[in-house]
1. For the chain, what is the charge dipole size about the Cα centre, in debye to the nearest 20, if Lys and Arg each add +1 at the Cβ and Asp and Glu each add -1 at the Cβ?
2. What 222 nm value per residue comes from the helices of the chain, counting each DSSP H run with n ≥ 4 as -39,500 (n - 2.57) and dividing by all residues, nearest 500 deg cm²/dmol?
3. Need one word for segment 1-74: rounded, prolate or oblate. Basis is the Cα gyration tensor (sqrt eigenvalues a ≥ b ≥ c); a/c below 1.5 gives rounded, then a/b vs b/c decides.
4. In the Gaussian network model of the chain, springs joining C-alpha atoms below 10 Å, which of LYS157, LYS119, LYS23 carries the largest mean-square fluctuation?
5. With a ≥ b ≥ c the root eigenvalues of the C-alpha gyration tensor of segment 51-119, is it rounded (a/c under 1.5), prolate (a/b larger than b/c) or oblate?
6. Please list the equivalent ellipsoid semi-axes of the chain, computed as the square roots of five times the alpha-carbon gyration tensor eigenvalues, in descending order and whole angstrom.
7. Could you tell me how many degrees, from 0 to 90 and to the nearest 10, lie between the Cα long axis of helix 2-27 and the main elongation axis, the longest principal axis, of the Cα atoms of the chain?
8. Going by amide H atoms built from the backbone, whose H comes under 5 Å of the H on ARG114, apart from near neighbours?
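The values are calculated or read from the model by the stated rules, or taken from the named source; none is laboratory data. Since the structure is predicted, the reported quantities are computational estimates derived from the model, not experimental observations. So basically every Cβ, Gly included, is an ideal-geometry build from the backbone, and we count neighbours across all protein chains shown. All accessible areas refer to the heavy atoms of the entire protein, side chains included, with ligands and DNA or RNA removed. Shrake-Rupley method; radii C 1.70, N 1.55, O 1.52, S 1.80 Å.
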Amino acid sequence: AQSAADQIVSHLLASALAVGIDKAAISGAGGVEPLGIVNTPGIGSISGASLQYSALVAAQRTVGAANAILEPASLGYAGSPETAELMALRQRFSNTDTPFWSGSLHDGEVVGARAMSSKQVPASTLIFGDWSSVHVCEFGPLMLASDNGGTRFNELKVGIRAMWLIDVFMTAPQAFVKITGIS
């Protein structure tokens with residue numbers, strides 16, 4: 001039973017850390033957290049107001065024209081689940097079943113490239129790029145510590161804190177385009 005409990009706690013901590021790292025890599029503001037893709041100077045930007053199919057194609061052209069495709073298999077789009085839904089309901093051509101986003105909302109396709117949705121992508125935003133140019137570096141091991149101040153043994157509650165020093169950097173900011181204000 002103890003071994004199963006250890007595995008459950010370890011899995012929950014790893015999942016929480018993975019979400020935090022994804023959020024920092026995608027939309028981190030810099031300073032005390034890594035600078036995320038959407039806030040990195042040098043990435044392309046397209047207005048998504050009244051998003052048209054041509055803007056999705058332009059995102060791919062922009063990355064290709066910058067000679068920033070390092071790993072073609074790593075090209076793809078990322079958007080929030082709400083953005084994915086909006087794009088799955090929007091048709092490329094009237095009176096046909098040709099949505100901007102095809103396949104499932106969590107793992108689909110946009111203009112022939114893989115598309116995934118994540119709550120870590122800001123609302124109304126879609127990112128296209130070569131994800132192989134994003135690197136997550138760790139500066140030391142994952143550290144676990146108990147929270148001595150909040151421990152309440154009589155209630156069978158013990159606080160555990162996970163700390164991991166990481167940074168995120170991009171080798172080619174021009175490998176990304178963000179489409180913002182999608183409506």
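1. Roughly 320 debye for the chain.
2. Numbers: 3 runs with 48 residues, N = 183.
Calculated at 222 nm, the ellipticity per residue is -8500 deg cm²/dmol.
3. Judged from the Cα gyration tensor, segment 1-74 comes out prolate (a/c at least 1.5, a/b above b/c).
4. LYS157
5. Judged from the Cα gyration tensor, segment 51-119 comes out oblate (a/c at least 1.5, b/c at or above a/b).
6. Values: eigenvalues 270, 80, 38 Å².
In descending order the semi-axes read 37, 20, 14 Å.
7. The helix 2-27 is inclined about 40 degrees to the chain.
8. It is TYR77, by chain and number.
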